[in-house]
Amino acid sequence: MDRMIFSPLISPILCVLLLCTFSSFSFAVDEESPGLISIEVNKTSVDVSGGAQTLIFTLETSDDSGINWSAGKTKTAVVMQDLGGGYHYAVGTSESPGILTVILTSGDKTGSWEFSFLVLTDNQDNRSMFGNAALRSFGLPASIETFGGIEALPPQLNSISINKATIDVSENDQTVDFLLDTDDPSGIDWDGGSVKTSVVMRDSHGAYHYATGVNSAPGHLSLDISSVDVKGKWSIEWLYISDELGNKAVHHYRPSLQAFGLPSFVYVLETNEQTTDLTLSSQPQSTSITENTSFSYALDAENLRSSVSGELTFEILSENLTVESISMDSGSGSCSITTIAFNSTASCVLSSIAGYTSKRLIIRFRAGVIGPADFYTNLASEIPDISLLNNYVSKHLTVILDSDGDSIGDDFDPFPYSDLFTDDSDGDGMPDTWEAQYGLDPLDPFDAASDFDNDGYTAIEEFLADTIPTGSLDLDGNTKYDALSDGMLLVRSMFGLEGDVLINGSIASDAAYISSTDILNRIELLGDLRDIDGNGDIDALTDGLLVVRHLFGLEGEALIAGVIAENATRVTAAEIEIYLEILAPEIQ
């Protein structure tokens, strides 16, 4: 929009005399924000170990009044943030339009410097800002890497605990002591004070309190609480940890500090305030769970006082675990559960626990994706608890792969790629159900090396090849499949023939089994496998003829023509051929 601008050299009277109008002395003013056409940087990896280096950004912009290239770091600059949280600014000068520079030295932090944003200001003070995503759309990387400077890793927190969570100051002042285990190359600045290294708490009136430390007592952050301090709940808000180089880590209670089992608050008792004494404990259970399966976890809530506990609040936070339900073995309760992508939060109001009794809580979870999974629980009474530290249970679990989808994780599944089998009691590599089906012993590990059908393959080899370990169409055991011997013996048996009538003229000269009794025993090993077409009946004119034709080498329509029962479940030549190949594997 145009603005009306009047020259101070023309007085109103003169303007009237000249019959001038306002529009005669107006001109257009640039109110458009600067535009960015392109931006490039001269290097994305900077090594300052050998000396200072300069990052040069080259920009092409559009603006009617022109960019104020010397406006400084808050108006025209590329803003970067190092790993330690410090900001760095590439700025320009009016003598070098389109150029913004920053010098990096060995005194700067090593690691990734992320591009936070670009700010451009024109000569009419109009301003534009371009965030990291916008800059990447122009081809700029998300960050640059620096080497040879000062270590920039934030301190690592390995564990944190507290010496007490219920504070009785009626007789003496009390000290709350947080014990920390940390790692940092340069060392922790334990003397850093409330804004550098401290646990921050907030009392029931909203005031903040700080547990701080000293370098002479590393790993300890302490706070003295006296009788004049505010009573009630003091929530644990966050933890600051700074190292000697100024690198800082901030851990908020959720999810970071909670994951270490730290209580969410300490409670400062009023004089003679009534208390209860509750504990929350878990039962030993496996820490490996199968992906996408449901399982239950039991927790016991116990009242160690003779008096009733008062109404209870039970809370749970889970990661990579969906909370499906929460139940209690006695009493009543109501729960609300919210779940987003396998992460749940739940809160329950539970009836009180009578003195010296306990209740069992059953949490029903559903496992998420492969990887770590955690849950954190706490139990609180409407009456302050003297042993508050005993009211927290946290568990770290691992969700494991289930390749065959049988709800048994690969780590515990003897047959991780087959959903047909799950148990192998003798550890011989053959499933219990498979061994029982073919007359092997599920408790005998040595039968894996057996070859009851004398086909040159051990039982374990037959299992792996999906063939039959104790039955074969080589009925006379001469290591050959022959239509006029093996085939004829099978057909005669299906007609009910026995004794010499069964075997006359059908035993090969090199047969290992020659008596009718031996042959019948071999046939019986086949059992229901003789039902070639799968109709539930063993019939000489269907199943028997299919075997004979197969052993004669017939395939396709010639194999099945006129010999498939009307109620057969295997009806195509391909289905019959596959089945018969299982009964007649290649003999070694």
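Data for the structure
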quantity	calculated
Filter result for residue 244 (farther than 28 Å from residue 277 by Cα, more than 33 Å from the chain's Cα centre (by Cα) and not assigned by TED's automatic domain parsing to the domain that holds residue 373)	yes
Of all residues in segment 25-42 being in contact with a strand residue (DSSP E or B) (Cβ under 7 Å, 6 or more places away or on another chain) and of a type in the set (Asp, Glu), the one that is modelled with the highest pLDDT	40
Test: residue in segment 282-297 that is over 30 Å from residue 413 (Cβ atoms) and either more than 20 Å from the chain's Cα centre (by Cα) or at pLDDT below 95 (or both)	no
Single unsatisfied condition, residue 264 versus (1) at pLDDT 95 or above; (2) in contact with a helix residue (DSSP H, G or I) (Cβ under 7 Å, 6 or more places away or on another chain); (3) of a type outside the set (D, E, K, R)	(1)
Looking only at segment 202-257, and only at residues there that are touching a residue at least 12 places away in the same chain (Cβ under 8 Å) and among the β-branched types (Val, Ile, Thr), the one that is surrounded by the fewest Cβ atoms within 10 Å (Cβ to Cβ)	214
Residue match in segment 156-174 (condition: within 25 Å of residue 53 (Cβ to Cβ) and charged (D, E, K, R))	no
Of all residues in segment 432-441 being in a loop (DSSP other than H, G, I, E, B) and touching a Pro at 6+ places or on another chain (Cβ under 8 Å), the one that is farthest from residue 581 (Cα to Cα)	440
Condition check for residue 544: among the small types (Gly, Ala, Ser), assigned by TED's automatic domain parsing to the domain that holds residue 487 and either surrounded by fewer than 19 Cβ atoms within 10 Å (Cβ to Cβ) or at pLDDT 95 or above (or both)	no
Which listed residue is modelled with pLDDT of 95 or more and touching a helix residue (DSSP H, G or I) at 6+ places or on another chain (Cβ under 9 Å), from 238, 234	238
Single condition residue 124 does not satisfy, out of (1) under 21 Å from residue 38 (Cβ atoms); (2) more than 38 Å from the chain's Cα centre (by Cα)	(1)
Sole exception among (1) surrounded by fewer than 16 Cβ atoms within 10 Å (Cβ to Cβ); (2) of a type outside the set (Gly, Ala, Ser); (3) in contact with a helix residue (DSSP H, G or I) (Cβ under 7 Å, 6 or more places away or on another chain) for residue 160, by number	(1)
Out of 115, 138, 147, sole residue that is surrounded by fewer than 15 Cβ atoms within 10 Å (Cβ to Cβ), over 30 Å from residue 276 (Cβ atoms) and of a type outside the set (Lys, Arg)	147
Residue, farthest from residue 584 (Cα to Cα), within segment 463-512, restricted to residues that are surrounded by 14 or more Cβ atoms within 10 Å (Cβ to Cβ), more than 60 Å from the chain's Cα centre (by Cα) and of a type in the set (Val, Ile, Thr)	503
Complete set of residues in segment 477-502 that are in contact with a Lys or Arg (Cβ under 8 Å, 6 or more places away or on another chain) and either among the polar types (S, T, N, Q) or over 20 Å from residue 531 (Cα atoms) (or both)	477, 501
Any chance residue 534 is surrounded by fewer than 17 Cβ atoms within 10 Å (Cβ to Cβ) and either in contact with a Ser or Thr (Cβ under 8 Å, 6 or more places away or on another chain) or farther than 21 Å from residue 477 by Cβ (or both)	no
Candidate set: segment 551-565, residues that are assigned to a helix (DSSP H, G or I) and free of Cβ contacts under 8 Å to residues at least 24 places away in the same chain; chosen: the one nearest to the chain's Cα centre (by Cα)	556
Checklist (1) modelled with pLDDT under 90; (2) in contact with a Ser or Thr (Cβ under 6 Å, 6 or more places away or on another chain) applied to residue 468, failing item	(2)
Residue list for segment 369-388, filter: over 27 Å from residue 164 (Cβ atoms) and surrounded by fewer than 21 Cβ atoms within 10 Å (Cβ to Cβ)	369, 370, 371, 372
Matching residues in segment 164-186 - criterion: being in contact with a helix residue (DSSP H, G or I) (Cβ under 9 Å, 6 or more places away or on another chain) and part of a loop (DSSP other than H, G, I, E, B)	164, 165
Residue match in segment 187-210 (condition: outside the structural domain of residue 388 (by TED's automatic domain parsing), in a strand (DSSP E or B), acidic (Asp, Glu) and at negative phi)	no
Within segment 71-105, considering residues that are small (Gly, Ala, Ser) and loosely packed, with under 15 Cβ neighbours inside 10 Å, the one nearest to residue 156 (Cα to Cα)	85
Residue 429 vs. criteria outside any helix (DSSP H, G or I) and touching a Phe, Trp or Tyr at 6+ places or on another chain (Cβ under 9 Å)	yes
Subset of segment 60-101 [over 30 Å from residue 240 (Cα atoms), out of contact with any Phe, Trp or Tyr (no Cβ under 9 Å at 6 or more places or on another chain) and not small (Gly, Ala, Ser)]	60, 61, 63, 64, 67, 68, 69, 75
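Quick grid of which residues meet (1) touching a Lys or Arg at 6+ places or on another chain (Cβ under 7 Å); (2) at pLDDT 95 or above; (3) under 30 Å from residue 271 (Cβ atoms):
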position: 324; (1), (2), (3): yes, yes, no
position: 350; (1), (2), (3): no, no, yes
position: 369; (1), (2), (3): no, yes, no
position: 373; (1), (2), (3): no, yes, no
position: 376; (1), (2), (3): no, no, no
position: 383; (1), (2), (3): no, no, yes
position: 387; (1), (2), (3): no, no, yes
position: 401; (1), (2), (3): no, yes, no
position: 407; (1), (2), (3): no, no, no
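The values are calculated or read from the model by the stated rules, or taken from the named source; none is laboratory data. Everything numeric in this text was worked out from a predicted model, so none of it was measured. Cβ: placed from backbone, ideal geometry, glycine included. Neighbour counts: every protein chain shown.
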